[in-house]
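The values are calculated or read from the model by the stated rules, or taken from the named source; none is laboratory data. This is a predicted model, so every value here is computed, not measured. Note that we place each Cβ from the backbone using ideal geometry, even for glycine, and neighbour counts take in every protein chain shown. The protein model used for the area step is the full one, side chains on, heavy atoms only, and it has no ligands, DNA or RNA in it. Shrake-Rupley method; radii C 1.70, N 1.55, O 1.52, S 1.80 Å.
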Amino acid sequence: MQVRLFSWLGRDFIEISAEASGALAVDGAVGELFQKCDNELRTHGLSLDNTARIRVWGRDKDARTLATAARSKILTGNRKAASSSFISREWFDSDATAGLELLAMRPVNPGAERRPIDFEPARNYLCYLRYDSVLFFSGFTSDKATLEEQVPDVLRTLANAFAVSGASWSKVVKLSILLDRTQKIEAVRNLLAQGPKVEVAEVEISFVDGFAGEKYLLEIEATAWLNP
């Protein structure tokens with residue numbers, strides 16, 4: 001388990017990255033891993049209730065599916081957080097088949113608003129989480145045929161989600177792009193430059209081997225701050 005504490009947007013964050021036990025079935029191993037994350041968060045005065053974003057990792061398609069189902073049973077109700085899930089063999093350092101990246105936030109005020117917002121109609125993951133004036137958007141994807149079509153399609157979908165949430169591109173402070181390993185980073189950068197004129201302070205790109213959908217070539221997560 002790797003734990004990183006940092007400050008951002010005037011708030012304290014804890015980022016946990018951990019691999020589930022390879023000795024257990026995926027669902028049980030992920031449940032155990034969530035408990036370990038909760039235990040670690042509690043040493044810092046937080047808990048799973050403070051989860052802002054969760055990424056689920058599977059070594060293969062079946063592991064990703066089972067791990068995502070386990071997540072949906074644990075992060076329920078007001079605990080729901082922005083989420084995404086990926087397939088990647090290179091993410092793992094052990095023989096584990098599933099893992100988690102969990103981001104938790106300490107709000108400025110203990111009683112700060114936390115509001116999970118579902119898609120309409122609802123899906124098995126959130127559209128976004130509004131938490132103490134920070135908006136955490138789940139990973140957005142596209143079923144279009146090519147990367148050249150998917151990038152602008154995802155950007156349009158994100159823009160619509162921003163409008164619904166009361167945000168806009170000017171409020172976006174970070175984009176995280178998870179890209180299929182067969183694609184080129186430079187191609188994504190060129191497509192982003194051709195899109196809406198946005199100035200996002202931080203854009204990160206990393207590679208994965210697969211997504212929830214067979215057609216997806218990338219997934220984009222966004223974080224916006226309503227009071228910059």
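For this structure, a couple of remarks:
- Listed by first and then second residue, the pairs linking a residue in region 69-95 that is closer than 19 Å to Gly22 by Cβ and open to solvent by 50 Å² or more (accessible area, probe 1.4 Å) to a residue that is assigned to a strand (DSSP E or B) and not hydrophobic (A, V, I, L, M, F, W, C), with Cβ atoms under 6 Å apart and 6 or more places separating them unless they lie on different chains, are Ser94/Glu19.
- Whichever residue in region 50-69 is in a helix (DSSP H, G or I) and within 16 Å of the chain's Cα centre (by Cα) and, among such residues, is nearest to Thr223 (Cα to Cα): Asn50
- When Leu135, Leu129 are screened for being open to solvent by less than 40 Å² (accessible area, probe 1.4 Å), among the aliphatic types (A, V, I, L, M) and in contact with a helix residue (DSSP H, G or I) (Cβ under 6 Å, 6 or more places away or on another chain), only Leu135 passes.
Yes or no, residue by residue, for (1) in a helix (DSSP H, G or I); (2) farther than 26 Å from Arg114 by Cβ; (3) modelled with pLDDT under 95:
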{"position": "Phe136", "(1), (2), (3)": "no, no, no"}
{"position": "Ser142", "(1), (2), (3)": "no, yes, no"}
{"position": "Ala145", "(1), (2), (3)": "no, yes, no"}
{"position": "Gln150", "(1), (2), (3)": "yes, yes, no"}
{"position": "Asp153", "(1), (2), (3)": "yes, yes, no"}
{"position": "Val164", "(1), (2), (3)": "yes, no, yes"}
{"position": "Gln183", "(1), (2), (3)": "no, yes, no"}
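- Among residues of region 107-124 being among the basic types (Lys, Arg) and outside any loop (DSSP other than H, G, I, E, B), the one that is least open to solvent (accessible area, probe 1.4 Å) is Arg114.
- Candidates in region 21-48 are the residues that are modelled with pLDDT under 95 and not in a helix (DSSP H, G or I); of these, the one that is surrounded by the fewest Cβ atoms within 10 Å (Cβ to Cβ) is Ala23.
- Selection status of Val188, more than 11 Å from Thr141 (Cα to Cα) and assigned to a loop (DSSP other than H, G, I, E, B): no
- Extreme residue, farthest from Pro107 (Cα to Cα), among residues of region 190-228 that are of a type in the set (D, E, K, R) and surrounded by 14 or more Cβ atoms within 10 Å (Cβ to Cβ): Asp209
- When each of Ala104, Ala159, Ala163, Ala145 is tested for being surrounded by 14 or more Cβ atoms within 10 Å (Cβ to Cβ) and out of contact with any strand residue (DSSP E or B) (no Cβ under 7 Å at 6 or more places or on another chain), the lone residue that passes is Ala159.
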